[in-house]
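To keep things clear, I will list the structure first and then write my remarks on it.
The values are calculated or read from the model by the stated rules, or taken from the named source; none is laboratory data. Everything quoted here is computed from the prediction, not taken from an experiment. Cβ coordinates were reconstructed from backbone atoms using ideal geometry, including for glycine residues, and neighbour counts include every protein chain displayed. These accessible areas exclude ligands, DNA and RNA; they are computed on the full protein's heavy atoms, side chains included. Shrake-Rupley method; radii C 1.70, N 1.55, O 1.52, S 1.80 Å.
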Amino acid sequence: KAGVTQTPRYLIKTRGQQVTLSCSPISGHRSVSWYQQTPGQGLQFLFEYFSETQRNKGNFPGRFSGRQFSNSRSEMNVSTLELGDSALYLCASSFQDGYEAFFGQGTRLTVV
Amino acid sequence: AQSVSQHNHHVILSEAASLELGCNYSYGGTVNLFWYVQYPGQHLQLLLKYFSGDPLVKGIKGFEAEFIKSKFSFNLRKPSVQWSDTAEYFCAVNARNNDMRFGAGTRLTVKP
């Protein structure tokens, strides 16, 4: 079956702009989580959605937001981009609570 | 929220050497534990997982991990590493409601 698909793969934005990233989970998976990966920081948890509801949220400013649609696809939005937002943004889906997460290839965001 | 600590940031070994990567977590309740691997240029993949039962779990590619509840640890081991094991390794803890947190990662370099 198809894996987790993230689009776009690469993105270059200017400070102050906003960006929307998309994630299509594996078919049948209702939980979608988002992470920010930077060198030395590992994966920082952004938020997790289940059946269109945000259940968990990490320690990121309100500029980072997300949503999930009825078909489980998810988007995350970053407004007023800062240079420090440059990172690889990973989306992961899982079938059920506590089960392993399956990751997409990520979206590489560069803010200039 | 739970947190995950990985003790080693960068480990360098020669082929055939034994590997042990430390992982400790802080959460008092029931958790599911995972080790993920990220090979250069590839997405995160599951190495092994622990949900319950035998605390010594075996994963792919000869990796194993031991869950020691009293020490809140889930260390990854491999008796003899290969050059192809060069990658970044992440420990993850998943508590209730799919709130999965990752450690900062350990970069493993295996010299041929």
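Chain A contacts chain B over a buried accessible area of about 1700 Å², both sides summed; the probe is 1.4 Å and only protein chains count. The Cα trace of region A:17-74 gives Rg and Dmax of 11.8, 35 Å, the first to one decimal, the second as a whole number. The mean of 1/r over all pairs of different alpha-carbon atoms in chain B, once inverted, gives a Kirkwood hydrodynamic radius of 14.0 Å. Annotation: average projected area of the protein assembly as shown is 12.2 square nanometres, based on the convex hull of Cα atoms across all directions. Is there a pair in B:LYS49/B:LYS71; B:LYS78/B:LYS111; A:LYS57/B:LYS78; B:LYS49/B:LYS78; B:LYS49/B:LYS69 whose C-alpha atoms are over 23 Å apart, and which pairs would that be? Going by Cα-Cα distance, A:LYS57/B:LYS78 fall outside the 23 Å limit. Taken about its Cα centre, the protein assembly as shown carries a charge dipole of about 260 debye when Lys and Arg each add +1 at the Cβ and Asp and Glu each add -1 at the Cβ. Residue-wise HN-Hα couplings along region B:16-21, as the Karplus relation 6.51 cos²θ - 1.76 cosθ + 1.60 with θ = phi - 60° gives them from phi, are 6, 6, 8, 10, 9, 10 Hz; Gly and Pro carry x.
Across region A:44-61, computed HN-Hα scalar couplings (Karplus, 6.51 cos²θ - 1.76 cosθ + 1.60, θ = phi - 60°) run 9, 6, 9, 6, 9, 10, 9, 6, 6, 10, 7, 9, 9, 9, x, 8, 10, x Hz from first to last residue, x flagging Gly and Pro.
Counting charges near A:VAL112 (Lys, Arg +1; Asp, Glu -1) among other residues having Cβ under 10 Å from its Cβ returns a value of +2. Here chain A is assigned +1 on the Cβ of each Lys and Arg and -1 on the Cβ of each Asp and Glu. Its dipole about the Cα centre then comes out at about 220 debye. Taking each pair of different alpha-carbon atoms in chain A once, compute 1/r for the pair, average those values, and report the inverse of that mean as the Kirkwood hydrodynamic radius in Å to one decimal. In chain A this quantity evaluates to 13.9 Å. Remark: relative contact order (region A:9-97) = 40 percent; criterion is Cα-Cα distance under 8 angstrom and separation of 6 or more residues. Rolling a 1.4 angstrom probe over the protein heavy atoms with all chains in place gives region A:6-96 an accessible area of 46 Å² per residue.
Assuming charge only on the beta carbon of Lys and Arg (+1) and of Asp and Glu (-1), the dipole of chain B about its Cα centre is about 120 debye to the nearest 20.
Of the residues making up region B:63-112, those losing 40 Å² or more of accessible area when the isolated chain is joined by the remaining protein chains, with a 1.4 Å probe, are B:ASN97, B:ASN98, B:MET100, B:ARG101, B:PHE102, B:ALA104.
Shielding value for A:31-44 is 4, the average number of Cβ atoms from other chains within 10 Å of each residue's Cβ. Residues in region A:92-105 carry Karplus couplings, in order, of 9, 10, 9, 6, 8, 4, x, 7, 5, 9, 10, 9, x, 6 Hz; the curve used is 6.51 cos²θ - 1.76 cosθ + 1.60 with θ = phi - 60°, and Gly or Pro positions show x. Summarise the accessible area of the protein assembly as shown (1.4 Å probe, protein heavy atoms) by the percent that is carbon and sulfur. Whole-percent figure for carbon plus sulfur exposure: 50. Excluding ligands, DNA and RNA, the accessible surface per residue across region B:1-97 is 49 Å² with a 1.4 Å probe.
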